[in-house]
Amino acid sequence: GAVVSQHPSRVICKSGTSVKIECRSLDFQATTMFWYRQFPKQSLMLMATSNEGSKATYEQGVEKDKFLINHASLTLSTLTVTSAHPEDSSFYICSARLVREQFFGPGTRLTVL
Amino acid sequence: GNSVTQMEGPVTLSEEAFLTINCTYTATGYPSLFWYVQYPGEGLQLLLKATKADDKGSNKGFEATYRKETTSFHLEKGSVQVSDSAVYFCALTREGGGADGLTFGKGTHLIIQP
């Protein structure tokens, strides 16, 4: 139980386009999901906290207009990278909270050409 | 702000060797501390946790003790196996219980040779 999926697992896009990444809790409901970003050989950095039915809370330094988060249901949160640029290329990981634990998705590798 | 520092890898050991991966933290208040493991091609999995000072988390032969006086949460295992090869992340939350987002260390790549 407590499985979290992400789609797509990897995506390549052209500079200037937008990309949507989905995070789903498959067998439980999650009022809170988190989005992280991981650079090569670096730690995971918390980008934002996604709460079902309300606006996401962004960490300092994260552009909310660039990284749009929508948590429209108890099992789905989406992260849209708008007008992507090469510096947005990274590994994006989501997690969903169940009681007092976070369960992580397998991540999405974004490459912006 | 909060931060986590863990030893740089890769760490290469022979099977059945003793493992220690150091982790120290900086945080205000009373954070909860975690170790996560990431096996090749998989998502992060919680390995163990401790929510207050002097608590010991343990799982699959791994242990870590929450040391408030030294702000440390070192991961240990008495006899490692090849299947323990993975990347290990030390992490903390701003409050107890994991209700908040996690602050991670950079991760330590562990390689166990037969």
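The values are calculated or read from the model by the stated rules, or taken from the named source; none is laboratory data. Everything quoted here is computed from the prediction, not taken from an experiment. Neighbour counts are summed over all protein chains in view; Cβ atoms, including those assigned to glycine, are modelled from backbone coordinates with ideal geometry. Only protein heavy atoms, including side chains, enter the accessible area calculation; ligands, DNA and RNA are left aside. Shrake-Rupley method; radii C 1.70, N 1.55, O 1.52, S 1.80 Å.
Looking across segment A:43-86 at every residue that is charged (D, E, K, R) and touching a strand residue (DSSP E or B) at 6+ places or on another chain (Cβ under 8 Å), the one that is farthest from A:Ala30 (Cα to Cα) is identified as A:Lys66.
Every residue, every condition in (1) surrounded by 17 or more Cβ atoms within 10 Å (Cβ to Cβ); (2) modelled with pLDDT under 95; (3) touching a Phe, Trp or Tyr at 6+ places or on another chain (Cβ under 8 Å); (4) under 11 Å from B:Pro31 (Cβ atoms), yes or no:
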site: B:Ala53; (1), (2), (3), (4): no, yes, yes, yes
site: B:Gly61; (1), (2), (3), (4): no, no, no, no
site: B:Tyr66; (1), (2), (3), (4): yes, no, yes, yes
site: B:Thr70; (1), (2), (3), (4): no, no, no, no
site: B:Lys77; (1), (2), (3), (4): yes, no, yes, no
site: B:Val82; (1), (2), (3), (4): no, no, no, no
site: B:Phe89; (1), (2), (3), (4): yes, no, yes, no
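Taking segment B:1-57 and the strands (runs of 3 or more DSSP E) fully enclosed by it, the elements with 1 or more residues that are within 28 Å of A:Trp35 (Cβ to Cβ) are at B:3-6, B:19-21, B:23-26, B:32-38, B:45-50. Picking from residues in segment A:1-48 that are open to solvent by less than 40 Å² (accessible area, probe 1.4 Å) and hydroxyl-bearing (Ser, Thr, Tyr), the one that is nearest to the other protein chains (Cβ to nearest Cβ) is A:Ser43. On the stretch given as segment B:63-114, residues that are of a type outside the set (Val, Ile, Thr), in contact (Cβ under 8 Å) with a residue 40 or more places away in the chain, more than 10 Å from chain A (Cβ to nearest Cβ) and in a strand (DSSP E or B) total 10. In segment B:25-36, is there at least one residue being among the aliphatic types (A, V, I, L, M), open to solvent by 50 Å² or more (accessible area, probe 1.4 Å) and touching a residue at least 12 places away in the same chain (Cβ under 8 Å)? Within segment B:25-36, none of the residues are among the aliphatic types (A, V, I, L, M), open to solvent by 50 Å² or more (accessible area, probe 1.4 Å) and touching a residue at least 12 places away in the same chain (Cβ under 8 Å).
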